[in-house]
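**Student:** Below you'll find the structure I mean.
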Amino acid sequence: MKNNNKNITDIFSNFQNLNDVTLKIMKDNLNANTEWWTEFGKLFSNPGEKKSKSNHVPGCNCNDCCPPCNECPPNCLISIHREANAGETIKVPFKIKNDFLVAKTYRIGVRTIYDADGNTINIQPTLDKITVTLQPGASQLITMTLQISADYIPGYSYETEIVIREKDVNQNICFSLAVNAFENIPVACPRNEKDYFIKWQSWQSHFYCEEKPPVSITTVNPAVELEGTIVGSTVNLKDKNNYYGK
């Protein structure tokens, strides 16, 4: 029985040794093949040649032969955000530039804007140009106009895409609009008029005095008799009967 156990142990030991030898041979062959392919690739590359920007894939650190990276172009070339009040008409300028070495022609359009319920808004944005032809390095200014009609609800945001297309691919400028809520409308609170008549008299007297300047108004009580002079585009009026008080 002891001899059988010893034989089994020897068999497993031999298998382990054989496995170690096999793995070592495979590892050596893999390293040798890797070095051979590296040297082989150098035969077809010029060490002094600078790779062009158009062949560079963002995120890749390969200098010679390498597989493409798993990175897609961005959905938005650029993003534009605007805020507006209901009833306003806004203009959104942007430029398209040809960054290639040959002339390019692009078509431009705007996707439909929908409300929160998925309904098409009646007044859609418009472009002053729907196609441009650009020479290498040239750029063109384009303006999108959008009227904030009653369909645009204050306090809501809306999104769309300005589409640039050369042949087969849509490239987008992402646009977002925030319609200001009524509570965000600027509020002006008039001050006490007396604050405008207080002036520092002098450092010796330490008191304030009041001076009443001429009254400049555009609408007055028709029953009040006024006299005044015209200075530039302003009428300086004086209350003859002291209707407004002293």
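What follows is calculated from the coordinates using simple rules that are stated; it is not laboratory data. As the structure is a prediction and not an experimental result, all values here were calculated from the model. Using ideal geometry, Cβ is built from the backbone for each residue, glycine included, and neighbour counts are taken over all protein chains shown.
**Student:** Using a 10 Å cut-off around each Cβ, can you sort GLU161, GLU83 from fewest to most neighbouring Cβ atoms?
**Tutor:** Lowest count first: GLU83, GLU161.
**Student:** With θ set to phi - 60° and the Karplus curve 6.51 cos²θ - 1.76 cosθ + 1.60, what are the ³J(HN,Hα) couplings of region 173-185 in order, to the nearest whole Hz, using x for Gly and Pro?
**Tutor:** 9, 7, 10, 10, 10, 10, 8, 4, 6, 4, 6, 8, 5
**Student:** Please list the non-local residues whose amide H lies under 5 Å from the amide H of VAL110, H modeled 1.01 Å from N, same-chain partners needing a gap of 5 or more.
**Tutor:** Those qualifying (amide H under 5 Å, at least 5 residues apart or on another chain) are VAL163.
**Student:** Can you sort CYS72, CYS174 so the residue with the fewest Cβ neighbours within 10 Å comes first?
**Tutor:** Ascending Cβ contact count within 10 Å gives the list CYS72, CYS174.
**Student:** Specify the inter-centroid distance of region 167-185 and region 84-134, based on alpha-carbon positions, in whole Å.
**Tutor:** Between the Cα centre of region 167-185 and that of region 84-134, the gap is 10 Å.
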